[in-house]
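Here is the structure we will look at, set down as structure tokens.
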Amino acid sequence: MKYLLRTLLLSAGFIALSSAAETAENMLVEMTMIQNNTALMQAAVEDGRERGQLCFRCHGEDGNSKRDYIPNLASQNALYLFTQFEHFADGTRKDYVMSKLAGHLSKDDRIAIAVYFSQSEVNKRPQPVDANVKGEQLYRSMCFACHGNEGHGNQQYPRIAGQPYEYLESTLLKFLHKDPERKNSPMSAVIQNLNEKQLKEVAAYVAHME
Ligand code: HEC
Ligand code: HEC
């Protein structure tokens, strides 16, 4: 199968980078370089669309998920997507399908797929609950510092705005109860300050953010 990104990365100048060890720091450098180079970016998106085919059934071709328990990958920051594969593969994070899939993706696949989905827009979806002002207050005091005023995250923190409410609620409950499916997450410490009612209020607010 053709692999544009690899070919370009291997061409003069990018060799050292494409063979660098997968430390978080190296990956940040590599991702940033791809994102700042139009040709690399196009190659990654093209490869990602091809490699990502088996993800579309659940996460949608444009990264807007097909079911409310499945997260959107659209507009998610590429480095976060990349590191989650690592977490599924090494057992820090567990999900029946994802844990199996993660081990089968090469480093190049993971980069291309992460870049591909990060380029899509999140569509507004119907949410089963309304947002209220308490949820907004909780967000403004406890979440914005890491996830940003708009919930869009950055290179270090995931985007959470517009995720399906069901996924947000169940994920936050996993953090609250220190569920082994998402162990050792910095979110567990943060969320201990909320009770379940507040957790649902903040989840509803985040679901409606754009
Ligand atoms: C059968 C459905 C299914 C398929 C196919 C699937 N996923 Fe997933 N994916 C899920 C579910 C469900 C979750 C949420 C797991 C959890 O709750 O931790 C998830 C989570 C993720 C996450 C974490 C996102 C986040 O916001 O933390 C990433 C990244 C991801 N999938 C990428 C992929 C990629 C790339 C593929 C294709 C190679 C793929 N998935 C195929 C169902 C699927
Ligand atoms: C100290 C920084 C920090 C604060 C404050 C913080 N978060 Fe997070 N959040 C993170 C990090 C880092 C992750 C990625 C966790 C992982 O990989 O397990 C994350 C992940 C999440 C996720 C899962 C995203 C996904 O796609 O699966 C949700 C939902 C979330 N945070 C919601 C919140 C809410 C709501 C608040 C406020 C109550 C909050 N966070 C406050 C750092 C923070």
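Numbers below:
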| quantity | calculated |
| --- | --- |
| C-alpha long axis of helix 38-51 to longest principal axis of the chain, angle in ° | 70 degrees |
| Cleavage-rule hits, trypsin sites (Lys or Arg not before Pro), segment 35-75, DSSP coil, Cβ neighbours within 10 Å at most 14 | 66, 67 |
| Degrees between helix 133-142 axis and first principal axis of the chain (Cα, 0 to 90, nearest 10) | 50 degrees |
| √(5λ) per eigenvalue of the Cα gyration tensor, segment 46-102, largest first, Å | 18, 13, 11 |
| Sites matching GluC sites (Glu not before Pro) across segment 81-168 that sit in DSSP coil, with at most 16 neighbouring C-beta atoms within 10 Å | 121, 150 |
| Segment 117-146 versus segment 183-210: alpha-carbon centroid distance in Å | 10 Å |
| By accessible area with a 1.4 Å probe, ligands and nucleic acids excluded, highest first: order of 179, 108 | 179, 108 |
| Spread of Cα-to-Cα distances over 5 Å intervals beginning at zero, given as percent, for the chain | 1, 7, 14, 19, 19, 16, 11, 7, 3, 1, 0, 0 |
| Between 0 and 90°, nearest 10: helix 78-90 axis offset from the chain longest Cα axis | 90 degrees |
| Size of electric dipole in segment 26-75: Cβ of Lys, Arg +1 and of Asp, Glu -1, about Cα centre, debye, nearest 20 | 200 debye |
| Among 23, 171, 32, residue whose mean-square fluctuation peaks in a GNM of the chain (springs only between Cα atoms under 10 Å) | 23 |
| From phi via Karplus (6.51, -1.76, 1.60), per-residue ³J(HN,Hα) for segment 105-115 in Hz, x at Gly/Pro | 9, 6, 4, 5, 4, 5, 5, 4, 5, 4, 5 |
| Measure of compaction for segment 4-118 (Cα Rg per 2.2 N^0.38 Å) | 1.03 |
| Estimated translational D of segment 133-208 in µm²/s (Stokes, Kirkwood radius over Cα pairs; 10 °C; 1.306 mPa s) | 129 µm²/s |
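The values are calculated or read from the model by the stated rules, or taken from the named source; none is laboratory data. Note that the structure is predicted; figures quoted are calculated from it, not measured. Glycine also receives a Cβ, built like all others from the backbone with ideal geometry; neighbour counts cover every protein chain displayed. Note: accessible area is taken over every heavy atom of the protein model, side chains too, but ligands, DNA and RNA are not part of it. Shrake-Rupley method; radii C 1.70, N 1.55, O 1.52, S 1.80 Å.
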